[in-house]
Amino acid sequence: MIKKSMGRPPKITYRTLATVADKIQRNYTVTDACQHVNISRDSFYRYLNNEPEFTEMITKAYENQSKVPMSFLATY
């Protein structure tokens, strides 16, 4: 997935992308999820459009949003 043969190593790792997907599944907005892992929304959408594996993770996260129980505090 995120591999380069030369140059600066990517700031965004698989773990970062998985964390973003997890936050989105837990009903975070894209902005909040990106802020949580310290990446820009532009980077999020760049990976979403160019990395099929990440696209699949995000699609599944949105599909599973309603299956994640809401926090008790979120209801008040």
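The values are calculated or read from the model by the stated rules, or taken from the named source; none is laboratory data. Note that this is a predicted model, so its numbers are computed, not measured. Don't worry about glycine lacking a Cβ; one is built from the backbone with ideal geometry, like all the others, and counts go over all protein chains shown.
Residue pairs, Cβ under 8 Å, 6 or more apart or interchain, first in the stretch 44-69 and within 22 Å of Ile12 (Cβ to Cβ), second loosely packed, with under 12 Cβ neighbours inside 10 Å. List them.
Going by the 8 Å Cβ cut-off, the qualifying pairs are Glu51/Met1; Glu53/Met1; Phe54/Met1; Thr55/Asn49.
Of everything in the stretch 3-35, what is of a type in the set (A, V, I, L, M, F, W, C) and at pLDDT below 90? Give them in sequence order.
Correct list: Met6, Ile12.
Could you please find all residues in the stretch 6-39 being under 18 Å from Asn50 (Cα atoms) and among the aliphatic types (A, V, I, L, M)?
Of everything in the stretch 6-39, those that are under 18 Å from Asn50 (Cα atoms) and among the aliphatic types (A, V, I, L, M) turn out to be Ile12, Leu17, Ala18, Val20, Ala21, Val30, Ile39.
I need the full set of residues from the stretch 12-49 which are polar (S, T, N, Q) and assigned to a helix (DSSP H, G or I), in order please.
Scanning the stretch 12-49 gives Thr16, Thr19, Gln25, Thr31, Gln35, Ser43, Asn49.
Of everything in the stretch 1-42, what is touching a Lys or Arg at 6+ places or on another chain (Cβ under 8 Å) and small (Gly, Ala, Ser)? Give them in sequence order.
Selection gives Ala21, Ala33.
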